[in-house]
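For reference, the structure is listed below as structure tokens.
The values are calculated or read from the model by the stated rules, or taken from the named source; none is laboratory data. Quick caveat, the model's predicted, so the values are computed rather than measured. Positions of Cβ are backbone-derived with ideal geometry, glycine not excepted, and every protein chain shown enters the neighbour counts. Note: areas computed on protein heavy atoms with side chains; ligands, DNA, RNA excluded. Shrake-Rupley method; radii C 1.70, N 1.55, O 1.52, S 1.80 Å.
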Amino acid sequence: MRRVPWRDKLLFAPGPLTTSPAVKAAMLRDLGARDDEFLDIVADVKNRLLTLAGVDRDSYAAVLVQGCGSMGVEAAIGCAVPRAGGKLLVAVNGAYGRRMVDMAEVLGIPVDTVAYPENVVVVPDDIGERLAADKTITHVAMVHCETTTGIFNPIGEMGKIVAERGRVFMVDAMSSFGATEIRIREWGIRWLVSSANKCLEGVPGFCFVIVAKGELAAGAGNARSLCLDLRAQDEDMRKTGQFRYTPPTHAILAFHQALLELEAEGGTRARTERYKRNCRMLRRGMAALGFREFLASGGHGWIITSFRCPEHGKFSFAAFSAILRDGGFVIYPGKVGGADLFRVGSIGRIDAADVAGLIDAMRRALAEMGVTMPPEEAPE
Ligand SMILES: *Cc1c(COP(=O)(O)O)cnc(C)c1O
């Protein structure tokens, strides 16, 4: 893949991610918020999102929301849960699940949690039991890929249990939408939130909510925020084709190009394969260098991988990541309280050659620091 002449560092990150030259170039325009060309692009973006989501236009809507991904999650929670008699249950096994609990608390929404350690996959039956025991719970929210560690939670199984018990299922699919097939209808997902700058390989600036139209209509009057009122945003856009307030024009142009590139690549299936290939190479390469994974007991996806910082006297993550940064590679510190971790992503516009470059740079960085480790057993 060719890159722009100024050669940015490659972002092996949870997002924002490395984007293609054409995605960046798409932003070199100034279109007005009411420009017909822009409005056509917005309409096309919404259509393409619904197609990607595999849902029909009569029963689901794609609502675009200005801002970062968390704003979309906050908008969805604030619009979904009724003001009178609503209660949210959140399954938590990482920072993003905890963030949903924090949001509910700020919004004044009654919230309960079923919590797990960060290296344990959410168990749908636990949620089923909780729903049986507490009839006041109306909504259940869960993160699909917990980007804290890279662990994948079983949203398919969970969705069926939530639907059987007659509650509304909400999914934060921020770091998984576009990177793996999500059967929204079949799995009973009524609200799904994702963002432009993760696996769809656009730039930051907005997020989107795929929502069952019935939920949106039923939620009239729920919104706890004027700006984050998804129903108002959807209605206005239906009437005028426009965003209610200033749209992220450049980010939308970039995203449209990113969606064309996703199609050209072969859709979600081809992207899944590229990310899986990146991740497999990364995990094997790092095992050969002697790094140990945090999710040794399973649940590993192909979005991001958490590694333990080696307990070697000469290793420091700050020094390691600084050497890599100078070499043009960005990796991320970890996010788990009890363990000293760091994270390396497999997503964004990176391919096998880039991963090979990163592994090579890591080998040199370890040599420079005087760190030698026996190889770990290679993952499957
Ligand atoms: C990235 C991410 C978010 C949103 O992050 P923002 O920084 O608000 O864009 C939410 N949930 C998950 C699982 C994520 O990976």
Being touching a Cys at 6+ places or on another chain (Cβ under 9 Å) and under 28 Å from MET158 (Cβ atoms), is that true of even one residue in region 273-281?
yes
If I ask for residues that are within 17 Å of SER176 (Cβ to Cβ) and in a loop (DSSP other than H, G, I, E, B), which ones from region 299-328 would you list?
GLY299, GLY301, TRP302, ILE303
When residues of region 298-318 are limited to those that are among the small types (Gly, Ala, Ser) and open to solvent by less than 20 Å² (accessible area, probe 1.4 Å), the one nearest to TYR332 (Cα to Cα):
SER306
Any residue in region 229-244 that is surrounded by 15 or more Cβ atoms within 10 Å (Cβ to Cβ) and either farther than 27 Å from VAL211 by Cα or under 20 Å from the mean Cα position of the chain (by Cα) (or both)?
yes
Which ones in region 284-297 are in a loop (DSSP other than H, G, I, E, B) and open to solvent by less than 60 Å² (accessible area, probe 1.4 Å)?
GLY290, PHE291, PHE294, LEU295
If you check GLU129 against the conditions, is it in contact with a Cys (Cβ under 9 Å, 6 or more places away or on another chain), assigned to a helix (DSSP H, G or I), open to solvent by 20 Å² or more (accessible area, probe 1.4 Å) and not hydrophobic (A, V, I, L, M, F, W, C)?
no
Reported set for region 39-63 where residues are touching a residue at least 12 places away in the same chain (Cβ under 8 Å), under 23 Å from ALA80 (Cβ atoms) and either in contact with a Lys or Arg (Cβ under 7 Å, 6 or more places away or on another chain) or basic (Lys, Arg) (or both) is LYS46, LEU50, GLY54, VAL55, SER59, TYR60, ALA61, ALA62
For ARG274, the lone unmet condition from (1) closer than 14 Å to GLU377 by Cα; (2) open to solvent by less than 30 Å² (accessible area, probe 1.4 Å); (3) basic (Lys, Arg) is (1)
Scanning region 116-126 for residues that are of a type in the set (A, V, I, L, M, F, W, C) and under 20 Å from the mean Cα position of the chain (by Cα), which turns out surrounded by the fewest Cβ atoms within 10 Å (Cβ to Cβ)?
VAL120
Tally, over region 132-161, of residues that are among the hydrophobic types (A, V, I, L, M, F, W, C) and more than 18 Å from ASN93 (Cα to Cα):
4
Checked region 319-344 for anything surrounded by fewer than 17 Cβ atoms within 10 Å (Cβ to Cβ), at pLDDT below 95 and more than 20 Å from GLU376 (Cα to Cα); matches are PRO333, GLY337, GLY338
For VAL120: the one exception among (1) in a helix (DSSP H, G or I); (2) away from the ligand (no atom under 16 Å from the Cβ):
(1)
